[in-house]
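The values are calculated or read from the model by the stated rules, or taken from the named source; none is laboratory data. Since this is a predicted model, take the numbers as computed values, not measurements. Here the Cβ positions follow ideal geometry from the backbone for every residue, glycine too, while neighbour counts run over all protein chains shown. Heads up: the accessible areas ignore ligands, DNA and RNA and are worked out on the full protein's heavy atoms, side chains in. Shrake-Rupley method; radii C 1.70, N 1.55, O 1.52, S 1.80 Å.
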Amino acid sequence: MALPWLNSVEQQLAQSYKAQRFHHAQLLCGPIGVGKFELSEQLANSLLCQNINTHMQRENSTLSPCGQCKSCALTHAGNHPDKRLTQVEGQSIGVDDIRAISDFMNHSAAQNGNKVAIIENCEKMTTAAANALLKTLEEPSNSRFLILTTSNTAQLPATILSRCAKTDIKVTNPNEAKSWLANLNINDHVWLPLFYTQPLLIKQWQAQEQLQHIDTLYKFATEFKQSHNFSPLVNIINKQPELIRIFTLFLSEQLKQQLIKGLSFDAYQSAQQAVNEFLQNSTEVLGLNLPLAVSRLAHALRHI
């Protein structure tokens, strides 16, 4: 997988597997862009690999598939019958999604080995879905594994958390992420250090050709009080609403810098409140007049 900041986590999981303490329900927790999904895929493919036990007998081995066996060939082709991936683009994971996983787990393995189900962003489970998952968690079957990922453990019921082996995924050494990103030939934007703890987010922006848009948002944030033509900013946010959080992050960073340079704390708090209200309105108010909201925010910041 070659994500250097995950090396210690991979070693930790490998040790638990070798010691036969590998839990049937693994919960990978961490912010967006740290590699939770990539690690879940690696774990799933390893558990399905027919040579995993032989591989794990080697010194300093990690949980990784051999890439040579029939199971690995099926995984590579994307049609392994004993692997199930649940990804939901919408707002929630419903009870029917979880019942389908339970049904999948209860059937015999086609390859006479393990069966693995991945639930990405499991915090999106509805209450009914979480309750349905509990039975699978409470009554684990041999050779059945659940791998869940989440960016927000606070949204998960305590009953789910208590029945999973939780692993925190994060970038502890930003220099590792910096070096890794340098190999992607990404321009050294001044705002990049803000996302060294979420390197895969930057890679995603590169793949989606969004880096220039991010750079434009940063420039607007640095010159926001002096700007009068907000059309480019509004156009970017209208086309990519998810970037509103990036823009407000840049604004907050600018306010922190002004606080360090002498901005009064009361003024800082007032400005930050205006930014927070803009973010909340932009993400929660349907039909928001974005140009007007941006103009009001600029007016508020100019008078602080």
| query | For the stretch 285-294, which residues satisfy the criterion of being open to solvent by 50 Å² or more (accessible area, probe 1.4 Å) and closer than 18 Å to Ser231 by Cα? | reply | Gly287, Leu288, Asn289, Pro291, Leu292
| Top-ranked residue in the stretch 125-147 [being surrounded by 15 or more Cβ atoms within 10 Å (Cβ to Cβ) and modelled with pLDDT under 90; ranked as farthest from Ile98 (Cα to Cα)] | Pro140
| query | Of all the residues that make up the stretch 100-130, how many are touching a residue at least 24 places away in the same chain (Cβ under 8 Å), over 22 Å from the mean Cα position of the chain (by Cα) and under 17 Å from Ala25 (Cβ atoms)? | reply | 5
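Return yes when Ile52 is within 16 Å of the chain's Cα centre (by Cα) and farther than 19 Å from Cys164 by Cα and no when it is not. Don't jump to the end; show me each part of the working.
Working: within 16 Å of the chain's Cα centre (by Cα): no; farther than 19 Å from Cys164 by Cα: yes.
So Ile52 fails the test.
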| task | Sort out which residues of the stretch 94-131 are in contact with an Asp or Glu (Cβ under 9 Å, 6 or more places away or on another chain) and either assigned to a strand (DSSP E or B) or over 21 Å from Leu74 (Cα atoms) (or both), and write them in order of number. | result | Lys115, Val116, Ile118, Ile119, Met125, Ala129
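May I ask you to list the residues in the stretch 213-239 that are assigned to a helix (DSSP H, G or I) and among the basic types (Lys, Arg)?
Pass one, the stretch 213-239, residues assigned to a helix (DSSP H, G or I): 213-222, 231-239.
Across the stretch 213-239, the qualifying residues are Lys219, Lys239.
Go over the candidates Pro199, Pro157 one by one and state the one that is of a type outside the set (Gly, Ala, Ser), open to solvent by less than 30 Å² (accessible area, probe 1.4 Å), under 23 Å from the mean Cα position of the chain (by Cα) and within 30 Å of Phe22 (Cβ to Cβ).
Being of a type outside the set (Gly, Ala, Ser), open to solvent by less than 30 Å² (accessible area, probe 1.4 Å), under 23 Å from the mean Cα position of the chain (by Cα) and within 30 Å of Phe22 (Cβ to Cβ) holds for just one of Pro199, Pro157, which is Pro199.
From the list Glu242, Glu253, which residue is open to solvent by 90 Å² or more (accessible area, probe 1.4 Å) and assigned to a helix (DSSP H, G or I)? Break it down into steps so the answer makes sense when it comes.
Numbers: Glu253 fails: open to solvent by 90 Å² or more (accessible area, probe 1.4 Å).
Just a single option satisfies the conditions, and that option is Glu242.
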